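Structure record follows, encoded as structure tokens.
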Amino acid sequence: MSEIRELDDRTIEQIAAGEVVERPASAVKELVENSLDAGAESVDVTVAGGGTERIAVADDGRGMSEADVRRAVRQHTTSKIGGIEDLESGVSTLGFRGEALSTIGAVSRMTITTRPPGADTGTRLEMAGGEVQAVEPAGRAPGTTVEVTDLFYNTPARRKFLKAESTEFGHVNRVVTRYALANPDVAVSLTHDGRETFATTGQGDRRGAIMAVYGREVAESMREVEREGAVGVRGYVSDPETTRSTREYLATYVNGRYVTDSALREAILDAYGTQLAPDRFPFAVLFVEVPPDAVDVNVHPRKTAVRFDDEPAVRDAVSAAVSDALLDEGLVRSGAPRGRSAPDDAPVSPETPDESEASDDETRTPVNPAPDPDRESSAATPSADRDRSTGGADRAETDDDSDPGREPARDRRFGGATENATLPGLDEGTEDGFDRLPPLDVLGQLDDTYLVAAAGGDLVVIDQHAADERVNYERLRAALDGGGDSQALVRPVRLDLTAAEAAVFEDALPALREVGFEASLDDRTAVVTAVPAVFDDALDPDLLRDVLASALADEGADPVADAADALLADMACYPSLTGNTSLSEGSAVALLEALDDCENPYACPHGRPVVVEVSADELADRFERDYPGHQHRRPE
């Protein structure tokens, strides 16, 4: 058995730092909280290289004397609580553990310059790797500046796992934004690589702070929430039309502390009811006030989670407050979801006779009708001849219906497998190295949504929307990868962005220009004047905005490339075949042939499966065909 030993102080500091300082944004959070707790009226945050090269947080709050600053960099020293009784009665400050400066200093080179009110001079303390290097007098106005450089220089393993610079800055932006929204009476600014990202005025106007951070369009859509009671709720939420595709902009606070509490977020969404599509999320800046002894804030290393004594009551109060605010504004009107299901997106189809009204002759149509010449030629049409940009199979149905000599689309069903509905498939060892579908005998269409086929003795089900989406995506991807001309937009797309979205867009500009976009950033407005020709002279502003919002939450190594790929995936989705779309046999075969030509025919660009296969063995097992003596009665 290994010998139990006590860890040395330096190892303990490194472990503690790992719990508190996970990335640059963690350090920024701790330093901003210290500034706010010190009563600052102005907090300026400056970062370089996403925060990995340099972080500086300067404030005009209560500075420290030389003796205090020397104590402040030791572990578990604080001016905010005196003992366990303060924790039990409720903590009113943002910080309270006394570990921020010591843990940041343990994994960086840190300089603190501070001066208390009334002092003639200030103090500068330099620290590296947890060791104080120098303490000397310094000039400074009352307040404190903490500068952090070479974060994780002495823990290379942790530095190696940091994400791309744009991703790390996205996290920094999120942290500073949250505190700017929570403290409108404090002037908060954020600067990255010499460019100001946003700045609030500090005049106490929360809607003004929202405009500084999120832009005028979002600020004008915000509705005030106010509810008194044992659980107080106040703040702002956006109308149901102003949404994003991620939860990024649901900012919730408990007793002034920012928390990522799922119960609070779900309560906000519940208040909107069916006014939001399932993939849409509103903006919210919501403050929940509960008695300090009714919430535990000491349940998470970074203090971003809380535990309520009565969570159902808190959730009900939040949901009721938001619902009342929307009702007062007349924004909750019907059961029709908002977002993608806007009225002009709803398809309108000609009315067809009800199946029950069909004549007896029609209902006695043979299960395996004789091959039709038109259907034979349809099946032989290669998928490359279809214009995939608007959903080839949809259009194939429309073209067939326009010919009065052809049978109605509703009668086009498959019976048994026919020769022209057989796909030969290819061996896996093809020259292009692509995955290939197995040889398929098309059996029919299930629920106008799935294609059903046989592969040897196995049963194969193909999601027609996912299949068409994969085909469209690879066509767009190939067109972009091959370069090509740009197409000028009839009207430039101008898009008001949040501060975080503008930062992502600016980082993405070189990559966007490489693939054919002509775009620029005018303060916080994105201007797109040309797109790759494959985009057909159009660019959906809401789609572009959603992609930027998704990039903010991206943890990949290259969020810009991931965002561009997400744009292609979404562009491939909208024109693709949907469920409840009847396909002729020829259209089904053409779709499968196009799918078979894809590099990855087994998943749509969003990761959903395209093909589900049920083996003959599984079918036999499900029907219990293998138990012995099945001709006799089973014993009880």
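Can you work out which of the residues in the range 221-231 that are open to solvent by less than 10 Å² (accessible area, probe 1.4 Å) and part of a strand (DSSP E or B) is nearest to I210 (Cα to Cα)?
Ranking the qualifying residues of the range 221-231, first place goes to M222.
Starting from the range 107-132, take each residue that is under 14 Å from A58 (Cα atoms) and list its partners that are acidic (D, E), counting only C-beta distances under 6 angstrom and pairs at least six apart or across chains.
Pairs that qualify, where the first residue is under 14 Å from A58 (Cα atoms) and the partner is acidic (D, E), are T111/E126; T111/E147; R124/E136.
For the range 75-93, check the following and say yes or no: at least one residue is modelled with pLDDT of 85 or more, over 38 Å from the mean Cα position of the chain (by Cα) and not β-branched (V, I, T).
No: zero hits.
How many of the residues in the range 142-187 are within 26 Å of G130 (Cβ to Cβ), small (G, A, S) and part of a helix (DSSP H, G or I)?
Matching residues across the range 142-187 total 1.
Whether any residue in the range 5-26 is in contact with a Ser or Thr (Cβ under 7 Å, 6 or more places away or on another chain), surrounded by fewer than 16 Cβ atoms within 10 Å (Cβ to Cβ) and modelled with pLDDT under 85 is what I want to check.
no
Which condition number in (1) polar (S, T, N, Q); (2) surrounded by fewer than 16 Cβ atoms within 10 Å (Cβ to Cβ); (3) within 22 Å of V28 (Cβ to Cβ) is the one that T114 fails?
The single condition T114 does not satisfy is (2).
Give the number of residues within the range 232-269 that are crowded, with 22+ Cβ neighbours inside 10 Å, part of a strand (DSSP E or B) and small (G, A, S).
Total meeting the criteria: 3.
Give me the pairs, please: first residue somewhere in the range 465-476 and within 13 Å of A590 (Cα to Cα), second residue anywhere and among the charged types (D, E, K, R), beta-carbon distance under 7 Å, and either six or more positions apart or on two chains.
V471/R388
Determine, yes or no, whether L190 is part of a strand (DSSP E or B), under 30 Å from L521 (Cβ atoms) and at pLDDT 95 or above.
yes
Just the residues that are over 28 Å from T274 (Cα atoms), at pLDDT 85 or above and touching a helix residue (DSSP H, G or I) at 6+ places or on another chain (Cβ under 6 Å), please, taken from the range 286-331.
Residue satisfying the conditions is D309 alone.
Please specify each residue of the range 497-512 satisfying the condition of being under 20 Å from D540 (Cβ atoms) and open to solvent by 70 Å² or more (accessible area, probe 1.4 Å).
Across the range 497-512, there are no qualifying residues.
Is at least one residue of the range 251-272 among the acidic types (D, E) and over 19 Å from the mean Cα position of the chain (by Cα)?
yes
For V47, work out the one condition from (1) in a helix (DSSP H, G or I); (2) modelled with pLDDT of 80 or more it doesn't fulfil.
(1)
Hey, any hits in the range 561-569 for a residue that's of a type outside the set (D, E), open to solvent by 30 Å² or more (accessible area, probe 1.4 Å) and not in a helix (DSSP H, G or I)?
no
Between a first residue in the range 175-193 that is among the acidic types (D, E) and a second residue that is in a helix (DSSP H, G or I) and open to solvent by less than 20 Å² (accessible area, probe 1.4 Å), which pairs have beta carbons less than 9 Å apart while being 6 or more apart in sequence or on different chains?
D193/G49; D193/G50; D193/F169
When both residues are 6+ apart or on different chains and their Cβ atoms are under 7 Å apart, which pairs have a first residue that lies in the range 315-331 and is among the basic types (K, R), and a second that is surrounded by 20 or more Cβ atoms within 10 Å (Cβ to Cβ)?
Close Cβ pairs satisfying both conditions: R315/A267.
Any idea how many residues of the range 481-512 are more than 24 Å from the chain's Cα centre (by Cα) and not β-branched (V, I, T)? Outline the logic, then answer.
At the first step, the residues of the range 481-512 found to be more than 24 Å from the chain's Cα centre (by Cα) are 481-492.
Still in the list and also not β-branched (V, I, T): 481-489, 491-492.
Total satisfying the criteria: 11.
Is it true that L509 is in a strand (DSSP E or B) and either modelled with pLDDT of 85 or more or within 30 Å of F198 (Cβ to Cβ) (or both)?
No, not satisfied.
The values are calculated or read from the model by the stated rules, or taken from the named source; none is laboratory data. Keep in mind that what you see is a predicted model, and the values were worked out from it rather than measured. Cβ sites come from the backbone with ideal geometry, for glycine too, and all protein chains shown count toward neighbours. Areas reflect the complete protein model, heavy atoms only, side chains present, ligands, DNA and RNA absent. Shrake-Rupley method; radii C 1.70, N 1.55, O 1.52, S 1.80 Å.
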